[in-house]
Structure formats: structure tokens, C-alpha cells
């Protein structure tokens, strides 16, 4: 030991001094690391809290918007149903009023004088008046016909009054069993042919006349075409019975334009309405584009393509549905339906969920922007705090160095105990607790308290790490489930068409990641037409899988709706190109084969060339010019190629994952090796053909990671004689 001034070098005080100094540096370093780590965790916590707040605001806003939509849709649906019911109720009362008068008139003709009624005059166009029309082959000059005309003239004033008081009417009329009809309207000019000759009106052959005789009471006709104007309309009619015989039919009709105007008047922004009949057909819609574009005069629109919509329509025809969320094709709608009392229809009001969600998305975007700015400000504050911490630690170090000599003797015992306890800490046993030995009333006690606080924080951080690890395992499980869901939407090649003898088919899809972008599909459009699809979506992972699910559903729906392969690809391309902000695309080979004749039509949107083998030949690639891939740009036409298969011929299609598979030297598998694998056993069945190609690719690329999805489809055509 040496003594220099008052310091003993190598003595106990020096050792204590060194111990205090080293311990202080260690504690300062650990504390600084913990604080640094804590500030990082705090930043992460702020970011996570902002995300949860955004989700909470979005959920609350969505619930509020849903409540508003439910009230609006329910009110609009009730108004539409009430208006239409009121229209039919008023129409029925008018017709019954005419029936009552006509019954008394025709039962007691001797009590009424003859009042002249003229035939239609084009100059009276726009003027409400009574006009006489005749059925085919009626002798207009006979005494009985003139007597009927004069008798019907007694109803002219009554019918004109009813017509003028019911603004929705197209006309009101009475037709007798001897072929005379009196009609009240303001359209005298539409009852002549192009040569100016008065038209004969075979009204006794019209459904409203014949059905009125059969039903014997009031009847609301199906939607039909007006004889004179070719506009869609509805007729309400009642037979006139005298002495148990139907001697005439009275009725009134109106155009569907009037009903459309009624339902349009209640349409709220972003919504539309339509009507369905008991046959589950759309008979009228306020929508001019999209899935429900029916307008008056169109044939009823058959509702198909979605089980959700069909189920909703059936419920709406029976009872009030309330507001439901219904998916139609790629769109999701809020829908409310209500049956009508006076006619067996249902009124349905819809609103696109995309439209209603737009304000929420805008608000969410603004809130996210504000939070991002706040988060950036917080990060800057954390950086400044860290710098301040560094400065403070340096200052504390200098002060501690100056006091270490003075305090070394006082802290020998508690410091030794503390050092020993700290030395025992390892692994997960980071537990430091305050003891009486450390309660010295000076920095030793503060240091011990700091270590105690530090140990608690470290244990808390360890628990958080465990939680994060568990969350990562959950995400992995969800990816596995996503892969199983994706596989489930593809047809099962083992069980599909197992009872068909006229063809054999097999397919496989091996994704490169948890979920893939390739897909195949095969299904019967009807008993005689087999559809086959194989496709490759750009990119990989979850985005490609979602794009794949959408593309598969759209193409299948188009083919089932009757589109040819070229038409289906053109229509789906137009749909995928709309709003495709990620610039994703999909290559597609699509074909429809007539399994009776072997005739087929194929369309190729940027996909690989198919391979074809005749009955006793070898597989060869069928090369021709492709059309563009789907989703790149709208309004494209896709060329169709005709082909013919004889019994015994085989077809093989695949994605680019087969020829572009690489070995360890980055050489590609290529088309030559593909044909060699196919012709290894050209007479093999579809499953063995797919296995042979997959086995060849696997051996070639052994030792490398699979870069792309590998999908294959094989077909053997046996023909109808099988």
C-alpha cells in the first residue's frame, strides 16, 4: 500500500472507493439502459393506444351510423309500401264504384236513356273524354251494338270524374260481352295505326277480362304492356254480373312510371328502392345502374347469383324484415323489406354500405392524421428527454466521484451486502428488495430503492415479452387457418364428378407462402358443358389470396350467368380494373367444353400455353397469341379460340410456377422438361399426370426454396359413348 496525500492506494478505502465508483457506474449504466428502453416502450404504447382509440371511435361511429341507417331505411320502406298500398286501395274503390253503377245500368237498361258516345278523335289529344272502341269482327252498325253504346254513355260523366280525381290513372273503362268498350283517357291520338285508321281492340282476349270472368271478384293483373302505348302497366278489374252471368268487366289501369315516381320521392341520398313479386322477380327499381337497373317496361329481373339476397327477398314477401346486411356480388348493402296488403308484392329499400362508410373513413383518416402528428411530437420530446438524461447522468457521476471518498467508509457494509445480492441475480430471477441494511438515509438507500424499482420494471417487461410471443404464435395459427380456408374454396379433385364417365379431371395447387395467389376451378354450367379455369394473381401472400378469391368468384358467376369465356374475361377485367389502386392483375386461362361433342371454346388472358395430347400421340404445347392479363386496364376484348377433343384426347394447363421453378444454379425448369414429364407416361390418368409433373419439378428444384405457387389441371376426354 502507498499513501499519497490523504489517499491510501491499495488499501481498504481505495477498494471501497473503487467499489463505490464501479457500482455507481454500473447502476447508472443499467438505469440509463432501462430508462432508454422504457421510453422506447412508452413510444410503442402511445402508438398502440392511438390504434385502439381509432378502432374504438370507428366502432362507435359505425354503431351510430347503423342506427341512423336503420331508422331511415325502415321509414323509407314503410312509406313506399304505404303509398303503393294506398294507390291500389284507392284504385279498387274506384273500380267497385264503377261496378256498382254498371250493375244497375245493365240490369235495368229500360230505366236509362241512350246517350251518344263518339269514337276516338285525334284532335282530342290531351282532353279527357269518353271514347268507344270495338273488339274484332263486331258489327258496329247493328241495332244491338248501337243500343249498348248508348247505354254505356250513361256512365261517361261518372267515369270522367273518377279519372280526373285519381292522378295516377292511365285510363278507366268498361267492356261488354258483345264487344263494345268505353274508355276514359286523354290519349285519343294513340288509338290509330300509322295510316290513321282506328284500331280494333280485342279486349275480350286480354288477361284482365278473361281472368275477371274466372275469378268473379276484384283482381290485380300481373305487369303487362299497354295495348296502345307499349308502356308497362297494371290493370285492376271487376266483372259486372247480372242474373248470375258476367255481362261486362269494368276496370282501371295505370303505368308503372307512377309507382316509380312514388318510390323515387322517398329515396334518400345513396339509397334506392325496388319491388318484387311473388315469383321473386324484380318488377321495378329506382336504380339505373348496377345490380338492380330495372325500369318500367323491362321484363322482370330474375334475382340470382346470391343466396343471401334470395333468402332476404323470401322473408320480405312474408313479413317486415327490419334492416339487414346483405351481400350481392362484390357489394354489401343495408336492406329493409316489407310486404304489401293490397297486392302480393314486397317493397325493398337498399343503401350501399360503401357509401355509408365513406364519412366514417374520412373521419378515421383525419383522426389518424392528427394522432400521427401528436406521435411525432411525442417522439421528439422523448429524444430531448434522453439527451437531458445523459447530461444529468454525467453530472451525477461527477458529484458521486467527489463524494465517493467521503462516503466510502460509511457504505462498506451495506454496499458489500448489496453487491453480493446483485451478484446472485441471473436469468429470470431479477428480484431485488429493500432491506434494513440499506436504510442508511443516504445515497445507498436511494440506490437500493432504485434497484428495487428497476427489478419490478424488468419483471414487468419480461411479462410483456411473453405476451408478445404468445400473440405471434396466434398470428401463425391464423395464417394456417387462412390457408385451410383458401384450399376449401377450390373444388375437391377426388370427389368432383366421380359419377361422370365422359371425362376425368384432376387438379392441384401448392402455394409458395402460407396463402397463395394461384387458383383453379372446374364446374358444370349445365349437364353438358364443363367449365375449366386456371389463374395466377400477381404478387404473393395475403393480398394475392384476397385478389384470387375475388377473381375466382367473379369468373365463375359470369360463366354460370351464360357468358362465353371471352365475354366472362372481358366483364371480369372491367370489374377488377375499377378502383385497382394496388395495380394487381391476374393471368387466366378459361375454357368451356361441350362434353357431348368435344367442341370447346377457350380464352387466354396472359396465361401459359396449354398442352394437348391426341389419343395415340404425345403432349405438345398449343401456342397462340394471348390477350392481356385481367385488371390492368378496363374495356378490353378477349379473343376466343375454338378447339375440338376426340375421345381419348387429353388437356393439361398450369401456372408459371412450373416452367419458372429453378434449381440451385438458378436454371429454370422450362417447357422442354415440362413436356418430358408429361410424356413420361402419356397414357396415365389425370392424377398421375399431375403427380409426374410435380415429382419432376420437385427433383429439379431440390435444395432450393419454392419461389412461386405451383398449380396444375389435367383433363382426359372419354366422349359420350362412355
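The numbers here are math on the coordinates, done by the rules we state, and not lab data. For clarity, every value in this text was computed on a predicted model and none was experimentally measured. When we count neighbours, we look across all protein chains shown, and the Cβ atoms used for this are built from the backbone with ideal geometry, even at glycine.
I'd like the orientation of helix 307-318 relative to the chain: the angle between its Cα long axis and the longest Cα principal axis, in ° from 0 to 90, rounded to 10. Between the helix axis and the principal axis of the chain, the angle is about 50 degrees.
Which shape class, rounded, prolate or oblate, goes with region 594-700 when its Cα gyration tensor gives a ≥ b ≥ c as root eigenvalues, a/c under 1.5 marks rounded, and past that a/b bigger than b/c marks prolate? Because a/c hits 1.5 or more and a/b fails to exceed b/c, region 594-700 counts as oblate. Remark on region 653-722: Rg and Dmax equal 13.4, 50 Å (Cα only). Normalised by 2.2 N^0.38 Å, where N is the number of residues, the C-alpha radius of gyration of region 591-654 stands at 1.24. Cα extents for region 493-717 along the principal axes, largest to smallest and rounded to whole angstrom: 46, 45, 33. Going from the fewest other Cβ atoms within 10 Å to the most, the residues 689, 313 appear in the order 313, 689. Taking the longest Cα principal axis of the chain as reference, the axis of helix 156-165 is set at about 10 degrees. The Rg/Rh ratio for the chain, using Cα coordinates for both the radius of gyration and the Kirkwood hydrodynamic radius, is 1.23. Would you mind classifying region 91-255 by shape? Square roots of the alpha carbon gyration tensor eigenvalues, ordered a ≥ b ≥ c; an a/c under 1.5 is rounded, otherwise it is prolate if a/b is larger than b/c and oblate if not. The shape class here is rounded. Legend: P(r) of region 549-593 from all alpha carbon pair distances, 5 Å bins from 0, whole percents, reading 5, 22, 36, 22, 11, 4, 1, 0.
Cβ-to-Cβ counts within 10 Å put 564, 714, 665 in ascending order as 665, 564, 714, the fewest first. Ranked by how many other Cβ atoms sit within 10 Å of their own Cβ, fewest first, the residues 336, 129 fall in the order 129, 336.
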